[in-house]
Amino acid sequence: MVIDFSIGKIIVTVNEIQCRFHDNQIVLTASVDDISCFHQGLVIAADAGTVRWSIKLDNAAQLEQVLNCTGLQAQ
């Protein structure tokens, strides 16, 4: 599933999330096992040991799409 948001695209599968940004060539990728989602702040956060990143989504509908596709539960 591809979700467009204000600064790029989020590509979601049952195993992985990729965040691709419009203005540059940056791509953030993480396994679903390393992802946490937060209703407060509409944030997707990856923590894979020494690599950490987070993305703030535009709206709750985008977060719900991520949750539905991955099966994750938001905190």
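Things worth noting here:
- Entry remark, the range 1-17: residues being in a strand (DSSP E or B), in contact (Cβ under 8 Å) with a residue 24 or more places away in the chain and open to solvent by 40 Å² or more (accessible area, probe 1.4 Å) number 0 in total.
- For the range 29-37, the criterion of a residue being assigned to a helix (DSSP H, G or I) and surrounded by 13 or more Cβ atoms within 10 Å (Cβ to Cβ) is satisfied by at least one position.
Yes/no per residue for (1) hydroxyl-bearing (Ser, Thr, Tyr); (2) open to solvent by 30 Å² or more (accessible area, probe 1.4 Å):
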{"position": "CYS19", "(1), (2)": "no, no"}
{"position": "GLN40", "(1), (2)": "no, yes"}
{"position": "ILE44", "(1), (2)": "no, no"}
{"position": "GLY49", "(1), (2)": "no, yes"}
{"position": "LEU57", "(1), (2)": "no, no"}
{"position": "GLU64", "(1), (2)": "no, yes"}
{"position": "THR70", "(1), (2)": "yes, no"}
{"position": "GLN75", "(1), (2)": "no, yes"}
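- Looking across the range 43-75, the residues that are part of a loop (DSSP other than H, G, I, E, B) and over 19 Å from THR13 (Cα atoms) come down to GLY49, THR50, ASP58, ASN59, GLN75.
The values are calculated or read from the model by the stated rules, or taken from the named source; none is laboratory data. Given the structure is predicted, the values throughout are model-derived calculations rather than measurements. Cβ: placed from backbone, ideal geometry, glycine included. Neighbour counts: every protein chain shown. We work out accessible area using only protein heavy atoms, side chains counted, and drop any ligands, DNA or RNA first. Shrake-Rupley method; radii C 1.70, N 1.55, O 1.52, S 1.80 Å.
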